[in-house]
Amino acid sequence: MTSSAGSSQAAAPPAPDLGLTVAAVARRLGVAPATLRTWDRRYGLGPSQHAAGSHRRYSAEDIARLELMRRHVLAGVPAADAARAACEAADLSGPEYVDPSASTSRPGGGRVVPIPGGTPNARGLARAATALDGDACRRIVGETLDRRGVVWTWDHLIVPVLVGVGQKWEATGQGIEVEHVLSESIQSELSARVARAERRSPTCILLAAVEGELHVLPLWALAAGLAERHVEARMLGARTPACALSEAMRRIGPGGVLLWSQLPETAGTAQLAQLPDLRPEPLVLLAGPGWRDVEPPRGERVEDLSEAIALLARAAGG
Ligand code: B12
């Protein structure tokens, strides 16, 4: 995370384009077009606009409902309940749409981050982040990591709160400071687990975010998850140039490499084509929503944290 990223985020996000196609909405939400069609068929969460001689189009309100649906589902709410809540939401963008837990929030908590269907712990983390209380964020994340392990903590505590914070920024243009405190706290707890771990794998794993990519928290979740299995991960971090990744691969000879791309504009296939041919050949995994619409010349897509940890641990011989 950098201050330049923070300042560039300061501009209010653009109002959603009216009349988006299913493909555009799928990209915007980071879900498959087939999922949108299923939500339309099963729950009536479809496009309400008609454009002459063309496919039906999603309006801003349709998209807001779908975003709510996605958030609920990510937070673990069953799809039918999530759809009902999304359909019943009265005001999808205004300040009236607030988390009922707002009344118990700390000072500064008037800017509540809704975590629909989130656990009390997730709501607590969101409140601590909203209050810019990094110590409390680290405590909540650290205690949950100790109790439930990396995968559970990432999937059920951290991701719902990150998604909520991201949605809040997207809807209001506010809360970048909350996002920064939260990200720093999560990264510091995950990296502390990595530093403490005893590593015993025959080879190590290289983790990198692609060129231009500042989102790295999933890489830290991976490093911590691998550390739980005593697998060593070397972290190259944000915005790794393809030539630097290639050089690191040649020098280290990793059992596996994972490249994270959060934003579609950072997922370039040219950087994959540049990777060296090593013997033995490392496993190359591509992860993150940025790769969703890319036909990669090299590497396999991986969709979730536990699958990625399992594949990489095997590749490292751990
Ligand atoms: C934290 C954060 C930041 C931090 C990053 C700090 C850090 N140390 O990483 C900072 C402040 C730097 C930042 C900057 C920006 N951000 Co930002 N950010 C986020 C936030 C809140 C969390 C990111 C994250 O870690 N996501 C990881 C998980 C939670 O999300 P996910 O990848 O979608 O998860 C899916 C899959 O990947 C999978 N999954 C989940 N975890 C894992 C783990 C593994 C290993 C695997 C394989 C799969 C997997 O499951 C999910 C369901 O499909 C997101 C909100 C969000 N919804 O993600 C916005 C978000 C990603 N950011 C966004 C934007 C627009 C930006 C900026 C461009 C803003 C700007 N105008 O400057 C900059 C650009 C930075 C850059 N060039 O890279 C948008 C992206 C929109 C888009 N689709 O293109 C988001 C979605 C916010 C939003 N709702 O609009 N950001």
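Rule-based calculations on the coordinates, nothing more; no lab input. Small disclaimer: the values here were computed from a predicted structure and weren't measured. Cβ atoms come from the backbone with ideal geometry, glycine included; neighbour counts cover every protein chain shown.
Let me see the pair-distance distribution of the range 98-196: every alpha carbon pair, 10 Å bin width, integer percents in order.
For the range 98-196, the binned pair fractions read 18, 54, 25, 4 percent.
About its Cα centre, how strong a charge dipole does the range 190-243 have in debye, to the nearest 20, once Lys and Arg get +1 and Asp and Glu get -1 at the Cβ?
Values: 7 positive and 5 negative charges, 41 e Å.
Here the range 190-243 has a charge dipole of around 200 debye.
Per 10 Å bin, what percent of the C-alpha pairs of the range 259-316 does each bin hold, from zero upward?
Going from the shortest bin to the longest, the percentages are 22, 52, 25, 0.
For the range 123-174, what log10 I(q)/I(0) values come out of the Debye formula at q = 0.25 1/Å, with one point per alpha carbon and no solvent?
Each listed q maps to, in turn, -0.95.
Where does the range 190-240 land on Rg(C-alpha)/(2.2 N^0.38 Å)?
For the range 190-240, the normalised Cα radius of gyration is 1.10.
For the range 202-315, place one equal point scatterer on every Cα, skip the solvent, and apply the Debye formula. What is log10 of I(q)/I(0) at q = 0.11, 0.12, 0.17 Å⁻¹?
-0.28, -0.34, -0.71
Take the Cα pairs of the range 145-217, get the Kirkwood Rh, then feed it into Stokes-Einstein at 4 °C and 1.567 mPa s and tell me D in µm²/s.
The diffusion coefficient I find is 90 µm²/s.
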